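**Q** After the structure tokens below, expect a handful of questions from me.
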Amino acid sequence: MDLLPSARPSGLFSELYIGLMSGTSLDGVDGVLLQREQDSWRMLAHAHRPLPPTLRQALLDLNTPGEDELHRSAVASQALAVLYATVVQAICEAADVLPTEVQAIGAHGQTVRHRPDLAYTIQLNNPALLAEMTGIDVVSDFRSRDVAAGGQGAPLVPAFHQAIFGVPDQTVAVLNIGGMANLSILRPEQVPLGFDCGPGNALLDMWCQWQTGHAYDANGEFGAMGNVMEDWLGDALQEPFFSLAPPKSTGRDLFNAEWLNRWLAPHGLTDGPLADADLARDVQATLCELTARSAAMALREHAPDAAEVVVCGGGALNGDLMRRLGEQLPGVRVGRSDTHGLDVMQVEAAAFAWLAWTHVNRLAGNVPAVTGARGPRVLGGLYPAR
């Protein structure tokens with residue numbers, strides 16, 4: 001797949017798709033504009049807008065049951081759609097394209113519940129409002145169709161990863177580290193595999209916020225000053241999710257503040273700041289090692305032949321986490337997606353632009369071998385601009 005910058009597209013066979021992504025890390029919205037011309041895709045523009053603190057907290061609160069959830073969900077969905085629209089406007093201005101030139105927006109929405117075991121998944125969004133504000137067709141609610149067909153509804157990106165990162169002569173793994181971490185396993189001339197492998201940044205961000213007041217550990221510097229507590233790590237790795245066989249997916253329904261407090265409780269710790277700064281750093285280091293080691297364990301079990309791991313998502317910006325991944329995977333090339341021409345914060349948004357294209361062309365967007373669905377399905381619902 002060609003993902004080099006391009007001039008403004010033209011011609012009857014040029015199509016433009018926007019992808020929007022706000023992940024479980026709740027750090028902001030990333031949007032990209034992709035051009036499809038025959039069988040080639042090009043990245044034309046990218047924009048990022050942080051989540052306003054009030055919206056971030058509202059979305060975080062909606063991950064757990066609370067009073068007046070329906071009203072609060074509706075209000076948060078409207079605010080998110082408005083933020084999406086500002087990202088779309090920024091993208092169009094950066095690429096010098098008109099909204100009427102864009103075929104569709106793929107807007108994933110914000111996951112607040114993910115319970116495929118109970119046959120549902122909820123992504124907050126207001127695609128009708130987004131279509132109204134932008135004047136562009138919107139495709140959203142990608143996961144529900146796969147869940148309705150008996151699948152996990154996640155991950156949905158392995159087919160896209162195959163198109164970008166797959167190579168003809170070796171096995172490549174793509175590790176996306178957002179709030180959660182998911183693996184795509186790309187073997188030559190085979191259907192891609194993939195699954196969620198555990199927590200990504202969610203627990204790291206949570207502990208860092210409690211201890212430092214910062215939303216995340218920039219470059220992993222806080223955790224890098226600590227030491228891994230192997231016995232605590234061993235307890236964390238007893239979480240049954242890690243031993244489940246794919247297909248499997250997870251989210252803040254499992255790896256949340258309750259999980260973190262339950263892990264801390266035997267050691268007399270709670271969610272408050274610690275007086276012992278060394279211990280606080282050790283906990284951060286241990287949580288970072290949990291993300292790295294759980295991903296490496298999954299890779300060794302399901303893709304021991306992988307020659308390369310391409311890391312994307314916000315976790316790829318954590319130098320301490322990248323170092324730990326390298327240590328856990330000796331003999332494997334571990335690097336960021338930037339080296340393949342796609343910024344680490346653009347990969348997931350680009351995937352949803354691609355999924356919008358599959359919907360518009362009535363092509364299956366899921367991989368049944370990944371999600372466990374009964375078969376290929378066209379994903380998402382369409383909200384026409386007019």
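**Q** For the chain, return all DSSP H helices satisfying: extent of Cα atoms along own axis at least 18 Å; mean Kyte-Doolittle hydropathy at least 1.6. Intermediate results must be reported in sequence, preceding the final value.
**A** On the way: long enough: 69-95 (38 Å, 0.90); 277-302 (38 Å, 0.00); 347-360 (20 Å, 1.06).
Helices passing the filter in the chain: none found.
**Q** Which percent of the accessible heavy-atom area of the chain goes to carbon and sulfur, probe 1.4 angstrom?
**A** Values: 8380 of 15770 Å².
Here it works out to 53 percent.
**Q** Within 10 Å of each candidate Cβ there may be at most 15 other Cβ atoms; applying that plus a DSSP loop requirement, which GluC sites (Glu not before Pro) in the stretch 171-264 survive? All intermediate terms of the calculation are to be shown ahead of the outcome.
**A** Working: sites: Glu189, Glu221, Glu230, Glu258; in loops: Glu189.
Counting only loop positions with at most 15 other Cβ atoms within 10 Å, the GluC sites (Glu not before Pro) in the stretch 171-264 are Glu189.
**Q** Moving on to the next point. Peptides 127-138, 275-286: what's the order by average Cβ count within 10 Å, highest mean first? Walk me through the intermediate numbers first.
**A** Details: 127-138: 20.6, 275-286: 18.0.
In decreasing order of mean packing, 127-138, 275-286 become 127-138, 275-286.
**Q** Turning to a different aspect of this structure: Post the alpha-carbon centroid distance, the stretch 152-228 to the stretch 327-386, in whole angstrom.
**A** Using only Cα atoms to place each centre, the spacing works out to 13 Å.
**Q** How far apart, in nanometres, would the label points at His71 and Ala218 be if each is projected 7 angstrom from Cα along the Cα-to-Cβ direction?
**A** 3.9
**Q** Given axes a ≥ b ≥ c from the Cα gyration tensor, I'd like to know whether the chain is rounded (a/c under 1.5), prolate (a/b larger than b/c) or oblate. Walk me through the numbers on the way to the answer.
**A** On the way: a/c = 1.65, a/b = 1.34, b/c = 1.23.
Prolate, since a/c reaches 1.5 and a/b exceeds b/c.
**Q** Next question, about the same structure. Can you list which of the chymotrypsin sites (Phe, Trp or Tyr not before Pro) found in the stretch 266-367 are DSSP loop residues with at most 13 other C-beta atoms within 10 Å?
**A** Values: sites: Phe352, Trp354, Trp357; in loops: none.
Sites meeting the loop and neighbour criteria: none at all.
**Q** In addition: Remind me, relative contact order of the chain in percent, using alpha carbon pairs under 8 angstrom and six or more residues apart?
**A** 22
**Q** Sticking with this one: Put a dot 7 Å past each Cα toward the Cβ at Arg49 and Met225; how far apart are the dots in nm?
**A** Label-label distance for Met225 and Arg49, simple model: 3.6 nm.
**Q** Per residue, how much accessible area does the stretch 83-125 show when a 1.4 Å probe rolls over the protein heavy atoms, in square angstrom?
**A** On the way: 1680 Å² over 43 residues.
Per-residue value: 39 Å².
**Q** Right, another one. Taking every pair of alpha-carbon atoms in the stretch 79-123, what share in percent sits in each 5 Å bin, from 0 to the bin with the longest distance?
**A** Going out from 0 Å in 5 Å bins, the stretch 79-123 shows 5, 17, 22, 17, 13, 11, 9, 5, 2 percent.
**Q** As an exercise, take the mean of 1/r over every pair of distinct alpha carbons in the stretch 247-300, invert it, and state the Kirkwood radius in angstroms. Don't skip to the answer; put the middle values down first.
**A** Working: mean 1/r = 0.0782 Å⁻¹.
After inverting the mean inverse Cα-Cα distance, the result is 12.8 Å.
**Q** Let me ask something else. Based solely on its DSSP helices, what 222 nm [θ] is calculated for the chain when runs of n ≥ 4 H residues each add -39,500 (n - 2.57) and the sum is averaged over all residues, nearest 500 deg cm²/dmol?
**A** Working: 13 runs with 142 residues, N = 386.
Result for the chain, helices only: -11000 deg cm²/dmol.
**Q** What does DSSP give for the chain in terms of the percent of beta bridges that are antiparallel, rounded to the nearest 5? It would help to have the intermediate numbers written out before the result.
**A** Values: 39 of 56 bridges.
Taking every DSSP beta bridge within the chain, about 70 percent pair in antiparallel fashion.
**Q** Where only protein heavy atoms count, and the probe is 1.4 Å, what is the accessible area per residue for the stretch 294-357 in Å²? It would help to have the intermediate numbers written out before the result.
**A** Numbers: 2200 Å² over 64 residues.
Using a 1.4 Å probe on heavy atoms only, each residue of the stretch 294-357 averages 34 Å².
**Q** Continuing with the same structure: Which value, in Å², gives the accessible area per residue of the stretch 157-238 when a 1.4 Å probe is used on the protein heavy atoms?
**A** Values: 3060 Å² over 82 residues.
About 37 Å² of surface per residue is accessible.
**Q** Once Lys and Arg get +1 and Asp and Glu get -1 on their Cβ, which of Gln328, Pro247, Val309 lies farthest toward the positive end of the dipole of the stretch 228-386?
**A** Comparing the listed Cα positions along the dipole, Pro247 ranks first.
**Q** Using a Förster distance of 35 angstrom, determine the FRET efficiency expected from the C-beta separation of Val191 and Leu237, and round it to 0.05.
**A** Working: r = 29 Å, r/R0 = 0.84.
After rounding to 0.05, the efficiency reads 0.75.
**Q** If the chain between Asp338 and Leu279 were fully stretched, how many nm would it gain, using 0.36 nm times the residue separation less the Cα-Cα distance?
**A** Numbers: separation 59, 0.36 × 59 = 21.24 nm, distance 3.43 nm.
Extra length available between Asp338 and Leu279 comes to 17.8 nm.
The values are calculated or read from the model by the stated rules, or taken from the named source; none is laboratory data. Source: prediction; values computed, not measured. Ideal geometry is used to build each Cβ from the backbone, glycine not excepted, and the neighbour counts take in all protein chains shown. Remember, those area values only see protein heavy atoms, side chains included, never the ligands or the DNA or RNA. Shrake-Rupley method; radii C 1.70, N 1.55, O 1.52, S 1.80 Å.
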